[in-house]
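S.K.: My structure is below; once you've seen it, I'll send some questions.
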Amino acid sequence: TVVDERGFITNIFNAPLNHVAVISSKKGSVRAGHYHPKEYGSTQFMYCLGGSYWATSQEVGEDGKLVPDTLHMQLIEAGDLHEAPPRLAHQYAFREDTVFLNLNTGLRHADGFGKHTLPMPLPRPEGF
């Protein structure tokens with residue numbers, strides 16, 4: 001971070017990207033519940049601009065099934081960057097109204113959704 005009398009500059013990402021979206025989510029909503037197959041090579045990064053959410057993730061094996069004992073839950077707050085590489089199922093439960101950037105290294109065409117994004121619901125945090 002660079003700070004001067006005008007404010008600050010914080011670099012949050014330094015790699016090639018193919019897709020960037022701004023996503024808003026309402027308190028109590030749940031998004032994602034999917035993974036990206038390795039052959040599409042898409043790593044997804046989420047940068048929280050405001051609000052907070054629980055990020056749940058679990059590894060997906062080459063057989064397309066969840067890998068036991070790899071379930072992880074992390075609280076994401078404004079200013080946090082969360083990464084979901086290929087074959088990591090991810091799901092987000094929003095604790096409050098939240099806005100985040102969705103940054104993808106792979107292509108994200110709507111007509112290929114069932115190929116580059118496969119459903120994989122995960123356990124939800126208590127209260128969701």
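S.K.: Quick test for you: out of 122, 71, pick the one residue that is in contact with a His (Cβ under 9 Å, 6 or more places away or on another chain), modelled with pLDDT of 95 or more and not polar (S, T, N, Q).
M.R.: 122
S.K.: Among the listed residues 7, 106, 51, which satisfies the condition of being among the small types (Gly, Ala, Ser) and at pLDDT below 95?
M.R.: The unique qualifying residue is 106.
S.K.: Just a yes or no: is a residue in the range 69-78 part of a strand (DSSP E or B) and either within 24 Å of residue 18 (Cβ to Cβ) or open to solvent by less than 20 Å² (accessible area, probe 1.4 Å) (or both)?
M.R.: yes
S.K.: Please list, ordered by residue number, the strands (runs of 3 or more DSSP E) wholly in the range 1-62 having 1 or more residues that are among the aliphatic types (A, V, I, L, M) and more than 19 Å from residue 91 (Cα to Cα).
M.R.: Qualifying strands (runs of 3 or more DSSP E): 2-4, 7-9.
S.K.: Being within 19 Å of residue 24 (Cβ to Cβ) and of a type in the set (S, T, N, Q) is the filter here; which residues of the range 52-86 pass it?
M.R.: Residue satisfying the conditions is 52 alone.
S.K.: If you don't mind, another one. Which numbered condition in (1) over 19 Å from residue 50 (Cβ atoms); (2) open to solvent by 30 Å² or more (accessible area, probe 1.4 Å); (3) not in a helix (DSSP H, G or I) is the only one that residue 114 fails?
M.R.: Unmet condition: (3).
S.K.: Residues being closer than 16 Å to residue 125 by Cα, open to solvent by less than 30 Å² (accessible area, probe 1.4 Å) and either free of Cβ contacts under 8 Å to residues at least 12 places away in the same chain or not aliphatic (A, V, I, L, M) (or both): count how many of those fall in the range 35-66.
M.R.: The total comes to 5.
The values are calculated or read from the model by the stated rules, or taken from the named source; none is laboratory data. Computed from a predicted model, the values in this text were never measured in an experiment. Note that each Cβ is placed from the backbone with ideal geometry, even for glycine, and that neighbours are counted across all protein chains shown. Areas reflect the complete protein model, heavy atoms only, side chains present, ligands, DNA and RNA absent. Shrake-Rupley method; radii C 1.70, N 1.55, O 1.52, S 1.80 Å.
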